[in-house]
Amino acid sequence: MVPVSRAFFARPAASVAQDLIGTILLVDGIGGLIVETEAYDHEDPASHSYAGRTARNASMFGPPGHAYVYRSYGLHWCLNFVSGVEPLGSAVLIRALQPMIGIEAMQLRRGVTAPKLLCGGPGRLSEALGVTGALDGHPLDEAPFLVLARERDVPVVCGPRIGISRATEMPWRFGLQGSAFLSRRFPDRAVPHAPARGRRCPSP
């Protein structure tokens, strides 16, 4: 498998979020298949960048292809991939992985053994992979990160994002169709994404 380049991330967040489904994320050699993402950009009321640049969200403003790591509710670290084009301020939240490599290490970090509970949610994922604020702003194409491009198209669905109170109607949550490792099931009305036929999930 071929590592993803920084140029991959220099596109609108919603496109990057869709195309990350089925790629492999490793942090210090531990990780798995990305099965769920969410997109955010500078015009999005639910985005950290919506009100402008601050010390907390500075990494969102570029360059693309770097990590944006923040603390959620003072409890959990959340890993995002900075993306977009000028004006910057976009990122993709990595919501869930299918664990593949280093599962024992993940179990020790999380204190649980069930595979579905290791990386099903952004807080769990970061804990399992050892992601902390020390990686904020770190390039995604340099150690400890490794993002490997998918080798073939995968079935992707999209629907409304979760865990937010604004712009809840935007269909910017993406997932691997039928995956048992999603943080939450997609609604029955979720829109299928079939890249082989050129169709993409709608953007508002």
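The values are calculated or read from the model by the stated rules, or taken from the named source; none is laboratory data. What you see is a predicted model; the values in this text were computed from it and never measured. In this analysis, Cβ positions are derived from the backbone assuming ideal geometry, glycine residues included, and neighbour counts consider all displayed protein chains.
Below, the figures for the structure above:
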item	result
Residue list for segment 35-59, restricted to those being among the polar types (S, T, N, Q) and either more than 18 Å from the chain's Cα centre (by Cα) or at pLDDT below 85 (or both)	47, 49, 54
Any chance residue 72 is hydroxyl-bearing (Ser, Thr, Tyr) and closer than 20 Å to residue 124 by Cβ	yes
Condition met for residue 186 (at pLDDT 95 or above, aromatic (Phe, Trp, Tyr) and buried (at least 17 other Cβ atoms within 10 Å of the Cβ))	no
Residue identified as at pLDDT below 95, farther than 20 Å from residue 169 by Cα and surrounded by fewer than 24 Cβ atoms within 10 Å (Cβ to Cβ) among 62, 123, 84	62
Residue that is surrounded by the fewest Cβ atoms within 10 Å (Cβ to Cβ), among those in segment 126-161 that are of a type in the set (A, V, I, L, M) and assigned to a strand (DSSP E or B)	148
Members of segment 189-204 found to be at pLDDT 60 or above and loosely packed, with under 10 Cβ neighbours inside 10 Å, listed by number	189
Filter result for residue 117 (under 26 Å from residue 58 (Cα atoms) and either buried (at least 19 other Cβ atoms within 10 Å of the Cβ) or not hydroxyl-bearing (Ser, Thr, Tyr) (or both))	no
Any pair with Cβ under 6 angstrom, 6 or more apart, that starts in segment 94-116 at a residue that is within 18 Å of residue 145 (Cβ to Cβ) and among the charged types (D, E, K, R) and ends at one that is modelled with pLDDT of 95 or more and in a loop (DSSP other than H, G, I, E, B)	95/183
